[in-house]
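This report refers to the structure that appears directly beneath it.
The values are calculated or read from the model by the stated rules, or taken from the named source; none is laboratory data. This one's a predicted model, so the numbers in the text were calculated from it and none came from an experiment. Counting neighbours? That spans all protein chains shown, and the Cβs are built from the backbone with ideal geometry, glycine included.
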Amino acid sequence: MEDFQSAYQEEKARLDRTLDTIDKELVRLRGIPVYTGHDYTEQVLEAGRDQQRRQLSQSGQEPYFGRLDFEEKGGTRTPLYIGKVGVGGETAQPIVIDWRAPVASLFYSFTGGDSAVYEAPEGLIEGLVYLKRNIVIRKQILERVVDTYNSEEEGPAVSDEFLLYRLGENKDNKLRDIVSTIQAEQDQIIRAGRNSALIIQGVAGSGKTTVALHRLAYLLYQYKEQISAGKMIIFAPNRMFINYISEVLPELGVGDIQQNTFSDWASNVLGLDEAPSDGPEALTEWFDHRSQNRLDDHELPGRFKGSLLFRDLLDQFVQQLEAACLPEEDFMPWDGAKLPLTTIKLWYEEEYKPYPLARRKERVLARIHRWVEMELKGAPSAAALKERKSRAAQREKAYAKKWPDLSPLPLYKAFIGAKKMQGLQLENMGAGIPKSILKVTQANLKKNIIKEEDLPALLYLFTRVDEIDGNLRFDHIVIDEAQDFSPFQIAVLDRFCKGHSFTILGDLSQGIHYYKGVREWNEMQVLFKPEETAYFALTRSYRSTMEIISFANNILRQGVGTDLLAVPVFRSADPVKVIKASGAERLPVIRRALDRIQKGPYKTAALLTRNLNDAQQLHKELSGLGYDLNLIDGRKSEYEGGISVLPVYLSKGLEFDAVMVTDVDEEYYGQQDAKLLYVGATRALHELWLLHGEKLPAYVTVDDPEIAVTAWPEN
């Protein structure tokens, strides 16, 4: 106890000195008039001062979260304080070291031992770690001091006490940063080099989304001269998820990073009036047990149109288009003047060949116009000049119309066979497309209906025939829930990305969208050279209790047949409740459970139904009984916290203090839907309920009373 009091008083005095230094520096910086002139040097200096003001203001409430006592080889023992933002001092040693700095990596990677090493710009730095201390400061008040390593004390090399303390906290309606509890395997991903495609397989609750967001903050710090926040983008599964993760980057002092869904972004690039999507109705149809078909992969539109085979067919189409695009005729601006086809072909096939097709077309037409202008100089009279100008303008316009429209949608319609392109005799590409997919796609395109599955092809045609504007190129791309992306989507995005700089993260065990996405990560890995990609597996789950993770692992083991199982952090709570409640007894049981949850300490809870119709009906019934519930139906762009009712497939990526999954019956959650139940079960942090009817799915077992029980809790 004395040691704790001594440590607390030491840190309290250090905090007071730090806050005093920050306050004085802020006063000094705020006393300097803001420069608004046009001198470039002064503008740069003002930008630096403004950044310092913002960083110090941010640091003033919670200046640091950790302390590491490190002795570099040949040096002296130095206490290093780690925070979200670095704070300089009067000496060479900063008051607070930015968590992204090289030496700060020791705070995350050190797991005990005689020595520690970190990588700095000047090479590997070796030394000794004497103390690793977690510090909780909220609103300038020192709340907690926990030593997770002390070389002078006996005990575990590195204790998980502080991690367990943070994991035990209840959730609100936003994802939060984990900068004070980043684990060694997560830090390795965060600090990986930028010019590679990182593919991260992470079990539910492994923190993969948060790790990816921290990686963005790290890349901006490490490569600040080479990349910018505005040239980064996060592709999220839906708009509500974007809102859910919206506060992590600002907490880390990072702004301006684009966050979007693939559908919305692609539609904006293509200039579509409305973004196509797998809307609530379409998803309900897919996930309703009555419409679960078992089509082969090549018969599923999303799988086929997302395949590299589909991309190869488009490549063949573009090659034919290039060969047939040029009108096979001389150009005659007026009678007696002729630009031979051989000359035009020379321009098209040789001089402008390095350019994409649309730019070649543009340059050939511009070259013809310049030739016409030169020829006009030989007009014998003003009257002849006027007549030739008029005639030439008409014939240039008519000649340009003989070229095909090279915008993506007309090209895609021609490729699918939904529309013929004037003057072009192209081989029918439909021979390589399954007839069932071809027929439906042709019918849709004739009605100008574009499906989400068509977007990769439209984008690919855009990149093949036109130049990508610099404003559309990214320095880095993050793709969340990447198991629902297709290889073709990744290949298209790579054309918009510099240096194959990707963070691709997901969980194959949560691949509930049977009709699209990937089944194995090598479907994406083959898109990159071996030296351009790296694979990481995050197997440790920090979200749920041991009981919930063990229960969910059993679903994977017996229902999915996978070895991608989660390793729990030692955090124990109540067993999973598997309660029989169907028919007339279903609603009273839900009410009883809700009342119990509301009396507890939880901030968030979820009722997960099998489909949207069930969610709407349950929300209506419970709201009529006076419960304050949020219905999540796929249309909202904001997650509001509290108690939510939603179909299980819309819960992916979210987490709640307590979760109740309804109608867990063989009829609704058969073997083919084990992944769906796994998603539902792993949304819970502290408490999980499953309600079922007469027959549970065969893969759901309650053999171990320490993991799952079938009786009501006593209190």
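Before we move on, is GLU122 among the charged types (D, E, K, R), more than 30 Å from TYR8 (Cβ to Cβ) and either surrounded by 14 or more Cβ atoms within 10 Å (Cβ to Cβ) or under 35 Å from the mean Cα position of the chain (by Cα) (or both)?
The answer is yes for GLU122.
Rundown of residues vs (1) closer than 25 Å to PHE462 by Cβ; (2) assigned to a loop (DSSP other than H, G, I, E, B); (3) out of contact with any Lys or Arg (no Cβ under 6 Å at 6 or more places or on another chain); (4) of a type outside the set (A, V, I, L, M), yes/no style:
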residue: THR343; (1), (2), (3), (4): no, no, yes, yes
residue: LEU346; (1), (2), (3), (4): no, no, yes, no
residue: GLU349; (1), (2), (3), (4): yes, no, yes, yes
residue: TYR355; (1), (2), (3), (4): yes, yes, yes, yes
residue: GLU362; (1), (2), (3), (4): yes, no, yes, yes
residue: LEU365; (1), (2), (3), (4): yes, no, yes, no
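Considering the range 644-672 alone, what residues qualify as being assigned to a strand (DSSP E or B), over 17 Å from HIS692 (Cα atoms) and touching a Phe, Trp or Tyr at 6+ places or on another chain (Cβ under 7 Å)?
Listed by number, the residues that qualify are ASP657, ALA658.
Picking from ILE479, ILE548, which residue would you name as being crowded, with 23+ Cβ neighbours inside 10 Å and within 17 Å of ILE234 (Cα to Cα)?
Step by step, each of ILE479, ILE548 is checked, and only ILE479 is crowded, with 23+ Cβ neighbours inside 10 Å and within 17 Å of ILE234 (Cα to Cα).
Report, by residue number, each residue of the range 223-271 that is touching a His at 6+ places or on another chain (Cβ under 7 Å) and within 23 Å of PHE488 (Cβ to Cβ).
Within the range 223-271, MET232 is the sole residue that qualifies.
Can you name every residue in the range 586-621 that is at pLDDT below 95 and in contact with a Lys or Arg (Cβ under 9 Å, 6 or more places away or on another chain)?
VAL589, ALA593, TYR602, LYS603, THR604
Go through the range 655-674 residue by residue and tally those that are surrounded by fewer than 21 Cβ atoms within 10 Å (Cβ to Cβ) and either closer than 20 Å to ALA236 by Cα or touching a Cys at 6+ places or on another chain (Cβ under 9 Å) (or both).
Counting residues in the range 655-674 that are surrounded by fewer than 21 Cβ atoms within 10 Å (Cβ to Cβ) and either closer than 20 Å to ALA236 by Cα or touching a Cys at 6+ places or on another chain (Cβ under 9 Å) (or both) gives 1.
Which one of the conditions (1) touching a strand residue (DSSP E or B) at 6+ places or on another chain (Cβ under 7 Å); (2) surrounded by fewer than 22 Cβ atoms within 10 Å (Cβ to Cβ); (3) within 30 Å of ILE555 (Cα to Cα); (4) polar (S, T, N, Q) does GLN258 fail to meet, given that it meets all the rest?
Only one criterion is unmet by GLN258, namely (3).
Rundown of residues vs (1) of a type outside the set (Ser, Thr, Tyr); (2) assigned to a loop (DSSP other than H, G, I, E, B); (3) surrounded by fewer than 16 Cβ atoms within 10 Å (Cβ to Cβ), yes/no style:
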position: THR441; (1), (2), (3): no, no, no
position: ILE450; (1), (2), (3): yes, yes, no
position: LEU455; (1), (2), (3): yes, no, no
position: TYR460; (1), (2), (3): no, no, no
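Within the range 96-125, how many residues are closer than 18 Å to SER180 by Cβ and not in a helix (DSSP H, G or I)?
Start the filter on the range 96-125 by keeping residues that are closer than 18 Å to SER180 by Cβ, which leaves 96-101, 103-111.
From what is left, the residues that are not in a helix (DSSP H, G or I) are 96-101, 110-111.
Adding up the residues that qualify gives 8.
The rows are residues; the columns are (1) under 30 Å from ASN195 (Cβ atoms); (2) touching a strand residue (DSSP E or B) at 6+ places or on another chain (Cβ under 9 Å); (3) buried (at least 17 other Cβ atoms within 10 Å of the Cβ); (4) outside the structural domain of GLY642 (by TED's automatic domain parsing).
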| site | (1), (2), (3), (4) |
| --- | --- |
| LEU527 | yes, yes, yes, yes |
| GLU532 | yes, yes, no, yes |
| PHE536 | yes, yes, yes, yes |
| LEU556 | no, no, yes, yes |
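Please go through the range 574-585 and pick out each residue that is at pLDDT 90 or above and either out of contact with any Leu (no Cβ under 6 Å at 6 or more places or on another chain) or not assigned by TED's automatic domain parsing to the domain that holds LEU650 (or both).
ASP574, PRO575, LYS577, LYS580 - these are the residues of the range 574-585 that are at pLDDT 90 or above and either out of contact with any Leu (no Cβ under 6 Å at 6 or more places or on another chain) or not assigned by TED's automatic domain parsing to the domain that holds LEU650 (or both).
Could you say which residue among GLY517, GLY499 is touching an Asp or Glu at 6+ places or on another chain (Cβ under 9 Å), part of a helix (DSSP H, G or I) and closer than 23 Å to ILE199 by Cα? Full working, then the answer.
Numbers: GLY517 fails: part of a helix (DSSP H, G or I).
Matching residue, one of GLY517, GLY499: GLY499.
Can you spot a residue in the range 405-423 that is at pLDDT below 95, surrounded by fewer than 18 Cβ atoms within 10 Å (Cβ to Cβ) and hydrophobic (A, V, I, L, M, F, W, C)?
Scanning the range 405-423 turns up no residue that is at pLDDT below 95, surrounded by fewer than 18 Cβ atoms within 10 Å (Cβ to Cβ) and hydrophobic (A, V, I, L, M, F, W, C).
Looking at LYS73 and the list (1) of a type outside the set (Gly, Ala, Ser); (2) surrounded by 21 or more Cβ atoms within 10 Å (Cβ to Cβ); (3) in contact with an Asp or Glu (Cβ under 6 Å, 6 or more places away or on another chain), which single condition is not satisfied?
Only one criterion in (1) of a type outside the set (Gly, Ala, Ser); (2) surrounded by 21 or more Cβ atoms within 10 Å (Cβ to Cβ); (3) in contact with an Asp or Glu (Cβ under 6 Å, 6 or more places away or on another chain) is unmet by LYS73, namely (2).
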